[in-house]
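Asks: Input: one structure, supplied below.
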Amino acid sequence: MFGEGGFKRFSSDLGLSSEEAKKRLEEYGYNESPEKKVRSIVIFIKKFWGAIPWMLEVTILLTLILGKYFEAVIVLGLLLFNSILGFIQEKKASGALEFLKQKLSVSVRVKRDGRWILIPAREIVPGDLIRLRSGDFVPADVEVVDGIVEVDQSAVTGESLPVEKRFRDVIYSGSTVKRGEVMGIVTFTGANTYFGKTVELVQIARPKLHMEEVISKVVKWLSAMAAVLLIIALFFTVYRGLDMLGVFPLVTILIVSVVPVALPTMFTISMALGSLELAKKGVLVTRLSACEDAATMDVLCVDKTGTLTMNKLSVVNILPAGKYTREEVVLYGALASQEANQDPIDLAFLSAAKDMKIPTGGYLQREFVPFDPSSRRTEAKVEKEGRQFYVLKGAIKSILPLCKDGSENESMIEKSVEELSAKGYRVLAVAEGESKENLKLVGVVALYDKPRPDSSILISELKSLGVSVKMLTGDALPIAKEVARELGLGGNIIKKPALDDGLKDEDILRVLEDSDGFAEVYPADKYLIVKGLQKRKHIVGMTGDGINDAPALKQAEVGVAVNNATDVAKESASLVLTAPGLEGIVDSVKNGRKIYQRITTYILNKIVKTFQVLVFIVLAFLVTGKYVVSLFSMVLLLFLVDFVTLSISTDNVRYSLKPDRWNVTPLVKISVSLGLVMIAESMLLLYLGEYLGLYNTISELYTFVFDFLIFMGLFNVLIVRERQHFWKSQPSKPLIASIMADTIIVILISTFGLYDLAPIGALQTLTVLIYALFMCFLVNDYAKVLVAKKFRL
């Protein structure tokens, strides 16, 4: 029937039966290729390479030179701890990404048991009859048996221009259908395809996050501070005529205090938990930076159909033209449709024909041209009892000029369209004729895609979060206005402005910024709208579902592929929704802002603690001429405080009610202000300890200062985690548990001693504990609130 190609070879003129498909699956295997994986040992070794591991490795080297072998072992343990923890988290993340890829795996329309069904592409087998249309990735090598398509096979052959494929041509696995529709027989799958393996449809990108860049700058600033303080200490040593080698331990201590050991692991845990939380709510993160971008997003451009509405069109009004009846209007509209396409408009006509009990069994479609954005219509050549004729349905402006009687019906059509559009209906025209040059208008049909029940609520919530929502639709302006009115979007809905050369025009950019939505938008316009908003310094989110949305999804900081999106759209997006509607986007904004707050807590805590420790150690050295901490106590301090810092990633935080913006200056100012207060408190306690005789030996001094720095570091986390007074929100259970565990460990060390930390009495430990509690929760908390208000944190 179709020649001697794949169709005959696999004898699947009607598609395979489920039983035959099962046999072939056992014979050929799944349509996938083994993925080359990096060995776990290689991943683990890489954990010892990078700025932070290098700092720890330098510290180990310095401690060995100083003969501090025990301290070197402790730092090595710290390095191993973070490397192992990071390795475990990365393996977990890899597992999550594998699960994500499965969720995002391409599906394919295949004919089984005489019915068209949708199955995962990995389950197709040679001999399957499948249907491919615009926007689809080709999941296997396919021989065309019906239809014509243009495909982009640059990923396979390197050809830059689309290639036309027709009967008996082979479309290679990994190609993308750019235009048209075909049926084809699967000839090869998996590793046997021309491409050699299944193309990855979702490339999980992990660009450097802005948050990492911010913290990197903070660490550089802290390192510079340590260098300045070291120079001061060296100058003081020379001035007093002391041994220069005596400053060598101070160098090691300062390096240890600056190292942000928990940074990589903290990020990994924060993002993993955030992604997991979103996955539970039906949002799949394909680019990790999307979590941060969602926190800063202030404009969201939303497709009307499928996101704001139910994406299920229904025929609600039929206006026959001339001698035609209502039933004939629906019949011809249904004949210009195909169920296999799963096109909403096609399904609406087919469903209406079925509901009206209009028989369509005697008609045979000889040719079918699916909807194309450029023509804005569908066409079919139909045969019944030897008579052939053409049927068309589509936009009024597309169909009416093709009809001979179009001018006669124009006034009636315009009036009807105006009335129906005012109600938010989508109006299409249906035509039929013996030839395309002799078409007659059959009638006008009104379709309506109802808004989702939750859309208006979620739009209101996004607005309350400081996110401006702009509706983009290809529908006519009256429909757009009616939908916007129902959803509470705002009344400033306009036709899409001329954007071709307009992005340099400030007036047009202001129009883009001030409007609540745009009507009569073509897919290509979305990219320019997003780019124009970005020119006005907005962080833009964009929802999309089609192949033509890909440029806009890539251009937007937050590209969101809706649940019924094509494979190309999913690949281009940073977030993929698995459920319809806006709820997933609202969840993403809230989740991103929570992550932002946790990272801000980490930054504040790191700067405050490092600033306090650095200045206090050097200042105490300048005043007393001796080190008030040992290298071992500093390493132990770093280990115990970072243990708590990791649990910040699980903390209960409130998301902000406006888009977040990274601004390091206020964070540094607040941190330095609090750090100065804590330095004064540290020097006061050092004086009181000396005056009251709370320590007698240098080892007891180490323990005394160690206790204070640890307690202040632990309680300071509870202070900086809340921008208002500390009692305004409750910390997470893991955070409380880690602080309590650290406190108990410090008390035990103070009681029994450890290495060069001599045991001190319970009275001294209790005094330090009460002093730290008083200073943190009474003095520092109020100081934090004051400086936070001053610098508008």
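Let's see how each residue does on (1) hydrophobic (A, V, I, L, M, F, W, C); (2) outside any helix (DSSP H, G or I); (3) crowded, with 16+ Cβ neighbours inside 10 Å:
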site	(1), (2), (3)
Leu748	yes, no, no
Phe774	yes, no, no
Asp781	no, no, yes
Val785	yes, no, yes
Lys789	no, no, no
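Asks: While we're looking at this one, here's another question. Counting residues that are without any contact (Cβ under 8 Å) to a residue 60 or more places away in the chain, which strands (runs of 3 or more DSSP E) fully inside the stretch 355-463 reach at least 2?
Replies: By residue number, 364-369, 377-384, 387-395, 426-433.
Asks: Right, here's the next one. Examine the stretch 555-578 for a residue that is β-branched (Val, Ile, Thr), at pLDDT below 85, outside any loop (DSSP other than H, G, I, E, B) and closer than 30 Å to Asp343 by Cα, and state whether such a residue exists.
Replies: yes
Asks: In addition: Could you list, in sequence order, all residues of the stretch 278-288 that are outside any strand (DSSP E or B), open to solvent by 10 Å² or more (accessible area, probe 1.4 Å) and at pLDDT below 80?
Replies: Leu288
Asks: Going through the stretch 127-140 one residue at a time, which ones are under 10 Å from Phe188 (Cα atoms) and either among the hydroxyl-bearing types (Ser, Thr, Tyr) or surrounded by fewer than 24 Cβ atoms within 10 Å (Cβ to Cβ) (or both)?
Replies: Gly127
Asks: Could you go through the stretch 490-501 and let me know if any residue there is among the β-branched types (Val, Ile, Thr), at pLDDT below 80 and buried (at least 17 other Cβ atoms within 10 Å of the Cβ).
Replies: For the stretch 490-501, residues among the β-branched types (Val, Ile, Thr), at pLDDT below 80 and buried (at least 17 other Cβ atoms within 10 Å of the Cβ): absent.
Asks: Among the residues of the stretch 646-663, is any surrounded by 18 or more Cβ atoms within 10 Å (Cβ to Cβ) and out of contact with any helix residue (DSSP H, G or I) (no Cβ under 7 Å at 6 or more places or on another chain)?
Replies: Checking the stretch 646-663: not a single residue is surrounded by 18 or more Cβ atoms within 10 Å (Cβ to Cβ) and out of contact with any helix residue (DSSP H, G or I) (no Cβ under 7 Å at 6 or more places or on another chain).
Asks: Next question, about the same structure. Kindly indicate which of Glu383, Glu379, Glu367 is out of contact with any His (no Cβ under 9 Å at 6 or more places or on another chain) and either open to solvent by 60 Å² or more (accessible area, probe 1.4 Å) or under 16 Å from Asn317 (Cα atoms) (or both).
Replies: Answer to the check: Glu367.
Asks: Can you report the number of residues in the stretch 695-737 which are open to solvent by 10 Å² or more (accessible area, probe 1.4 Å) and touching a strand residue (DSSP E or B) at 6+ places or on another chain (Cβ under 6 Å)?
Replies: Residues in the stretch 695-737 being open to solvent by 10 Å² or more (accessible area, probe 1.4 Å) and touching a strand residue (DSSP E or B) at 6+ places or on another chain (Cβ under 6 Å): 1 in total.
Asks: Taking the stated definitions as given, is Pro344 at pLDDT below 90 and either of a type in the set (Phe, Trp, Tyr) or under 41 Å from the mean Cα position of the chain (by Cα) (or both)?
Replies: Yes.
Asks: Is there a residue in the stretch 308-330 that is in a helix (DSSP H, G or I) and under 30 Å from Ile595 (Cβ atoms)?
Replies: So far as the stretch 308-330 goes, yes, one or more of its residues are in a helix (DSSP H, G or I) and under 30 Å from Ile595 (Cβ atoms).
Here is a yes/no grid of residues against (1) closer than 30 Å to Val558 by Cα; (2) open to solvent by 30 Å² or more (accessible area, probe 1.4 Å); (3) at pLDDT 85 or above:
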position	(1), (2), (3)
Lys606	yes, no, no
Val618	no, no, no
Leu622	no, yes, no
Tyr627	no, yes, no
Val644	no, no, no
Gly689	no, no, yes
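Asks: Counting only residues that are among the acidic types (Asp, Glu) and within 22 Å of Gly474 (Cβ to Cβ), which one in the stretch 411-460 is most open to solvent (accessible area, probe 1.4 Å)?
Replies: Residue satisfying both the conditions and the ranking: Glu418.
Asks: Then there's this: Specify which of the listed residues (Ala788, Ala741, Ala783, Ala772) is over 21 Å from Val672 (Cβ atoms) and not β-branched (Val, Ile, Thr).
Replies: So the residue among Ala788, Ala741, Ala783, Ala772 that is over 21 Å from Val672 (Cβ atoms) and not β-branched (Val, Ile, Thr) is Ala741.
The values are calculated or read from the model by the stated rules, or taken from the named source; none is laboratory data. Bear in mind the structure is a predicted one, so any value in this text is a computation, not a measurement. All Cβ positions, even for glycine, are placed from backbone atoms using ideal geometry, and neighbour counts span all protein chains on display. Quick note on the areas: whole protein, heavy atoms, side chains included, nothing else; ligands and nucleic acids left out. Shrake-Rupley method; radii C 1.70, N 1.55, O 1.52, S 1.80 Å.
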